[in-house]
Amino acid sequence: MQSALRKLFDYHAWANDDLFDALERLDPERHGAELRTALRLINHVHVVSRIFAAHLDGVAHGYFSDNTEETPTLDALRTALAESGRWYCDYLRRAPAADLTETIAFTFTDGDRGLMSREEMLTHVALHAGYHRGEVGRLLWQAGITPPWDTFAVFLHQSEPSRRIQGERPAATA
């Protein structure tokens, strides 16, 4: 599972980079509302990732909500999300595989209590981000910008071109 999680967070970082490249093509004059909504969604993703990183480290996160009052700039958010992505990749490199099944009790920002394994927290962070990247992709589409191909298969084939089989199509398996 640790290997799959590492690959998932590599994909996560790749997809975030592609998304920010597409967002840079948004004209703030014509699509200011879409850009602001996209930044709010991505900032929410960032805050949630930092909250769960704190849970994984067993430290206080200092957030009182799953978003911040201030909306960061596109550049600041890109830097923050990349930094957070590196933290998760480093965490997966240093965490013993046996620790991933450890269950941790925590408190959500709304005060409700939760209980998840480290593995479940990591999976949540990655899937949560994918959900919101999809929302931002829809905003881009509505603004006339083709969103990135945010799929795990595209990531695998771009990051490891040898996975693309040339020539005859492989036989389908049942």
Counted residues, the range 8-39 - those being part of a helix (DSSP H, G or I) and either free of Cβ contacts under 8 Å to residues at least 12 places away in the same chain or among the aliphatic types (A, V, I, L, M) (or both): 11
Members of the range 44-94 that are more than 17 Å from the chain's Cα centre (by Cα) and β-branched (Val, Ile, Thr): VAL59, THR68, THR71, THR73
Options LEU115, LEU122, LEU127; residue that is under 18 Å from PHE52 (Cα atoms), exposed (fewer than 15 other Cβ atoms within 10 Å of the Cβ), out of contact with any strand residue (DSSP E or B) (no Cβ under 6 Å at 6 or more places or on another chain) and not β-branched (Val, Ile, Thr): LEU127
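Since every read-out is calculated from the coordinates, none of them should be taken as a lab result. Worth saying up front: this structure is predicted, and the values here are computed from it rather than measured. No Cβ is skipped: glycine too gets one built from the backbone with ideal geometry, and neighbour counts run over all protein chains shown.
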